[in-house]
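Participant: What follows is a single structure, and I will ask about it in a moment.
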Amino acid sequence: MKPIKRQSDRSGRSKLRSPGRPRAARREDQQRFWALIAAGWSSERAATGAGISPAVGARWFREAGGMPTTTLGPRATPLSGRSLSFVEREEIALYRAQQLGIREIARRLGRAASTISREVRRNAATRSGGLVYRATTAQWHAERAARRPKLAKLAVNVVLRKYVEERLSGMLVSATGTPIPGPTVAWKGRRHGQRQNRRWTAAWSPEQIAQRLRLDFPDDDTMRISHEAIYQALYIEGRGALRRDLTACLRMGRVLRVPRARRCSPGKTFVVPEVMLKARPEEATNREVWSSVDFAQVELSLDHRRHDHDP
């Protein structure tokens, strides 16, 4: 007896573990969010301006280490339009719910019928055993298939990673081979207090490490790394080659990067211009218009005078 195959076996891909709830955020939302971050906006305000919730914006900022990827930055090249966008996937999901055929959907979207057929088959949701097309799940499958994983240099080269970690933490070795311990800083997951409370002077900066490699290993080209790669390994979770607690040994002690425009912008103020004295109307300055509070004060003073003159 021939075994009965599930309908999801026609998708042509191997079984995948469920990633949880698929990401519904679009590339356009992320680009607007990071453009507002580059303009100096806070994470919550930029998320509201991009049309997403403040919690999602704060999570994007934290996971990216405070800096966007090269594909989402303000100077990133726009998509060529060769691949389907999230908006088109939403349209496909709506047309499939209306029981429209593949050729009719392709005609309405201006795409080839084979493109829509592959999209519906490959990126469909197969958790229930069928081929139910959902836009969010299809977008997740497309992003997963488009990844080009590239291991960071610090994750591959163990000798280089050990060299960088020792100097970031301040762990040096004397001429006799005795290790010199570096600073002991508690990991808090946020900015590490004032400078005098952090023993960071014994640690090396990423710029110093990148320049020193050329002197210690003049003939070994594999022992080369830029200071930007070291910063990314510390700040970005996806490049977790270095321990995150080593950010406590940096000069500024930040656990996240701060965009340049946000550093230059003034801090939050608790006094709005509407309550400044120079902004009040001229009638109030000349006492031409009396408020209810002024009348109440006058009545109270007259009551006190009458009370003082009473026998």
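Participant: Can you give me the ranges of the helices (runs of 4 or more DSSP H) entirely in region 1-87 with at least 1 residues that are under 25 Å from residue 111 (Cβ atoms), at pLDDT 80 or above and polar (S, T, N, Q)?
Facilitator: Those helices (runs of 4 or more DSSP H) span 27-38.
Participant: Going by the structure shown, is residue 90 over 30 Å from residue 212 (Cα atoms), open to solvent by 30 Å² or more (accessible area, probe 1.4 Å), acidic (Asp, Glu) and modelled with pLDDT of 85 or more?
Facilitator: So residue 90 fits the description; yes.
Participant: Of all residues in region 104-123 being part of a helix (DSSP H, G or I) and either free of Cβ contacts under 8 Å to residues at least 12 places away in the same chain or touching a His at 6+ places or on another chain (Cβ under 9 Å) (or both), which is farthest from residue 133 (Cα to Cα)?
Facilitator: Taking the candidates together, the pick is 107.
The values are calculated or read from the model by the stated rules, or taken from the named source; none is laboratory data. A quick note: this is a predicted structure, and the numbers were derived from the prediction, not measured. Please note: Cβ atoms are built from the backbone with ideal geometry, for glycine as well, and neighbour counts cover all protein chains shown. Protein only, heavy atoms only, side chains kept; ligands, DNA and RNA dropped before computing areas. Shrake-Rupley method; radii C 1.70, N 1.55, O 1.52, S 1.80 Å.
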